[in-house]
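*Asks:* One structure coming up, written as structure tokens, with questions to follow.
The values are calculated or read from the model by the stated rules, or taken from the named source; none is laboratory data. Treat the numbers as computed from the prediction; the structure is a model and nothing was measured. Quick reminder, even Gly has a Cβ in these numbers, built from the backbone with ideal geometry, and neighbours come from all protein chains shown.
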């Protein structure tokens, strides 16, 4: 491939850098170093969105975003105004891992939910919390329109990432697709493997 021969980054390398890395999220109350943080791969977090004592914010463009962490979980929850909408707990033999298809009704424009994540090794009450806020009606319509041509998914992702919309690009990477290309599968693997490695 000419780009590699010239020492230039490949398409997948460029996309990985353009999409970037989420900062890892602290697990409240945890005293264990291994279980003290959660790495959310998608959706993307707003830059510097977490104030002291306030969960970080992720604005999601798709009404039914995919949820993915870099490490296995013991538990995942979705809440609205303190009321639990959905919950999944790992079994003793099988932790929660891999992409999670949106498990409840699609998000309405502007709707906000609390995503709670408990990694393996964390005690029963120790969760990382992220606010999920749905985009506007226009943002949702645009995102859904970009899913309409599955054959061009990688090109659409590249256009969004190059245009500075890393959050939407990340959602499109992991949005369900019946027959993803080898390049798209490789990009998914790279982003999940990279996790939050650039976090401080």
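*Asks:* Restricting to the stretch 166-192, give me the number of residues that are free of Cβ contacts under 8 Å to residues at least 60 places away in the same chain and out of contact with any helix residue (DSSP H, G or I) (no Cβ under 9 Å at 6 or more places or on another chain).
*Replies:* Adding up the residues that qualify gives 3.
*Asks:* Mind listing just one residue for me: the one in the stretch 1-26 that is at pLDDT 55 or above and over 18 Å from residue 197 (Cβ atoms) and, of those, surrounded by the most Cβ atoms within 10 Å (Cβ to Cβ)?
*Replies:* For the stretch 1-26, the residue satisfying everything is 11.
*Asks:* State the number of residues belonging to the stretch 37-71 that are at pLDDT below 95, assigned to a loop (DSSP other than H, G, I, E, B) and surrounded by fewer than 19 Cβ atoms within 10 Å (Cβ to Cβ).
*Replies:* Adding up the residues that qualify gives 9.
*Asks:* Same structure, new question: Among (1) crowded, with 16+ Cβ neighbours inside 10 Å; (2) over 15 Å from the mean Cα position of the chain (by Cα); (3) not in a loop (DSSP other than H, G, I, E, B), which single condition is residue 79 missing?
*Replies:* Of everything listed in (1) crowded, with 16+ Cβ neighbours inside 10 Å; (2) over 15 Å from the mean Cα position of the chain (by Cα); (3) not in a loop (DSSP other than H, G, I, E, B), residue 79 misses just condition (1).
*Asks:* Among the numbered criteria (1) more than 22 Å from residue 72 (Cβ to Cβ); (2) without any contact (Cβ under 8 Å) to a residue 24 or more places away in the chain; (3) surrounded by fewer than 18 Cβ atoms within 10 Å (Cβ to Cβ), which single criterion is violated by residue 92?
*Replies:* (1)
*Asks:* While we're looking at this one, here's another question. Only residues in the stretch 12-26 that are without any contact (Cβ under 8 Å) to a residue 12 or more places away in the chain count as the first member; pair them with residues that are surrounded by fewer than 16 Cβ atoms within 10 Å (Cβ to Cβ), Cβ under 6 angstrom, at least 6 apart or cross-chain, and list the lot.
*Replies:* Cβ pairs passing all conditions: none.
*Asks:* To continue, here is another question. Please verify whether residue 106 is part of a loop (DSSP other than H, G, I, E, B), over 14 Å from the mean Cα position of the chain (by Cα) and either modelled with pLDDT under 95 or closer than 23 Å to residue 169 by Cα (or both), treating the condition exactly as stated.
*Replies:* Here the answer is yes, as residue 106 does meet what is asked.
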